Every structure is written in C-alpha cells, then in structure tokens.
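The values are calculated or read from the model by the stated rules, or taken from the named source; none is laboratory data. Bear in mind the structure is a predicted one, so any value in this text is a computation, not a measurement. Ideal geometry is used to build each Cβ from the backbone, glycine not excepted, and the neighbour counts take in all protein chains shown.
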Amino acid sequence: MKKVAMVAAAAAMVLPLGLGAIAPVNTGVTTVYAATKKAAKKTTLTLLSSKTLKKTAYHAKRQAALNKALFAADKATVTISKKGVLTPKTTVYATKKIVVKTRATKTTKAKTLTCVYVKSANGKVKGWIALDQLTKGKAVATKKTTKKTNAKKTTKKAATKKALTKKTAKKDTVAATAAAKVAKKTTKKTTKKATKTYQLVSAKKLKKTAYHYTTKRPAYFTGKFAADRSVVTLSKKGVLPAKKTVYATKAITVKQGKKTVKYLYVTTKKAKGFVLASALTAGKF
C-alpha cells in the first residue's frame, strides 16, 4: 500500500510541477551526480516524499546549479537534468519540496537529499535546487553599496591628493621666495663689490698694441668718468675669452688706497673694457 501511495504522489507531482530542476548535494551526493553526469546527462532518483510549501524567499550562498525534474507517472522516481545556474544576487521563492534518495555505488552510500522548487519574482529563473545550497531571506543588493563606497574612497583620495598638491605648491612658493631673497641679496653684494670708484691719476691714448694672458682669464670693467672731478667708476662686466689676443688702445692710472694701479682698455671680437695691466703680457697669443 505504501508503494502505491508513493506512485500516486509522484503522479500528482507531474501536473503541478512539470519540468523543474534539482541541484547536486555538497557532500557525497555531489560526487554521485558528477559521476552520473559523465555517463549520462540525466539522473533518475528515488522519490521519498513531496509536499507544497508556503511561499518563502531564498537566495543562493554561491552560484548553484538549477535543474529540471521529470516525475514518473507509474512509480516513485524523478529524473533530473541541469538547466542553468542560480546566482547569489537573485532572490527566488520556494513553493514545493521533495526528498529524494541517491543510488549507492561501490565507493559511496545512498544519500537522501531535500530539494525545493524555486522561482524568481519575474518568472525568468525557475527550477529545482538542493535546499542546502540556499540561504533563507532575500539577496542583499551589494552593488550599489560598493559603488557608493568606491565613490567615497575616490573622493577622499582626490581630496587628499589635492591637499598634498596644495601643500607642495605652498612649500615650493616659500622655497622660491627664499631663493629669490637670497639671489637679490647676493646680487646686491656682488654689484656693490664689483663696482668701485677710484681717484683718476692719469689717462692717455696708446698706439694699438697686442697683449695676451696665459694664466687665469682676467676680468674686464666698464669705466665711467666723472665730468666735474678726477674720478672713474669701474664696474665688472665679465671675463675675457680664453686664449685670445687682445689689443690695448688706452691706459689709465688710478689710486687704490695707497697704491697706484694701471688699467689698459682692450678690445676683442666679443669683449671690450678696462683690464688690470698686471694681468696681461705684451705680444700676441
């Protein structure tokens, strides 16, 4: 009588359930399913019980297989085959439950497996899946939260970068200002040191005479003569080109402290000015 009742239950499942799906079990049963699937795409299991459930929300713990099920009309068996997958982000609703028994093999014992028939709200996802693959409750929408978190992190990162850039720019400005001050002071000192006024003792023109220098390149100066008194202001302009012959056309003698010093006015293609006579040697280079 019990067997007849199970067959009747299986027959009753055919009309309301149609084609559904059952997912493999985690331990033991999964191995049986995998082994069976290699041999054939469909697996027939013994149907132990079936019942209707109150509509309950579930979501997958991880990506899980959705199966379709074909219930025999004359005996308590169900044939399952994979039809798709259920992703963790999808909420499904269980309305039916069956308990099936897998076949024993040489390496594994027969196992019982509880499966539920699930369907998404829009009806696009439906099938049978092992109950232990599901978690009760609706799927949590993490995508928006992630985007929001990422946006917040990006904004914070940009703000930090902006603050660092501003700080660096401020440091650079301070450094530049300090450098400018130092340069200004140095220029003042150099100008003050390079420009001096001396008492003019004598000045005369010379016949164009060649000179050269063999050691350090001598400095040359511009000379500014006062109109109302015998003084000359010499300002350093640069140094003479290396290894060149210069030609003197004028000579001045000035008083520097207690000494009298002679300067020659020399010219080259690139420079002209007063040079200490003691730094030059008569003759071409």
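Of everything in region 261-283 that is at pLDDT 90 or above and among the basic types (K, R), the residue that is surrounded by the most Cβ atoms within 10 Å (Cβ to Cβ) is K272.
When only residues in region 202-224 that are out of contact with any Ser or Thr (no Cβ under 8 Å at 6 or more places or on another chain) and either more than 17 Å from T245 (Cβ to Cβ) or not assigned by TED's automatic domain parsing to the domain that holds K250 (or both) count, which is surrounded by the most Cβ atoms within 10 Å (Cβ to Cβ)? Among those residues, the one meeting the criterion is A219.
State which residue is nearest to T87 (Cα to Cα) when the search covers only region 61-77 and only residues that are polar (S, T, N, Q) and in a strand (DSSP E or B). Filtering first and then ranking leaves N67. The single residue among K109, K126, K136, K97 that is out of contact with any His (no Cβ under 8 Å at 6 or more places or on another chain) and without any contact (Cβ under 8 Å) to a residue 60 or more places away in the chain turns out to be K97. Looking at region 185-196, is at least one residue assigned to a strand (DSSP E or B), out of contact with any Phe, Trp or Tyr (no Cβ under 8 Å at 6 or more places or on another chain), free of Cβ contacts under 8 Å to residues at least 60 places away in the same chain and polar (S, T, N, Q)? Yes, region 185-196 contains a residue that is assigned to a strand (DSSP E or B), out of contact with any Phe, Trp or Tyr (no Cβ under 8 Å at 6 or more places or on another chain), free of Cβ contacts under 8 Å to residues at least 60 places away in the same chain and polar (S, T, N, Q).
Candidates T146, T95: the one that is at pLDDT 90 or above, over 18 Å from L45 (Cβ atoms) and among the polar types (S, T, N, Q) is T95.
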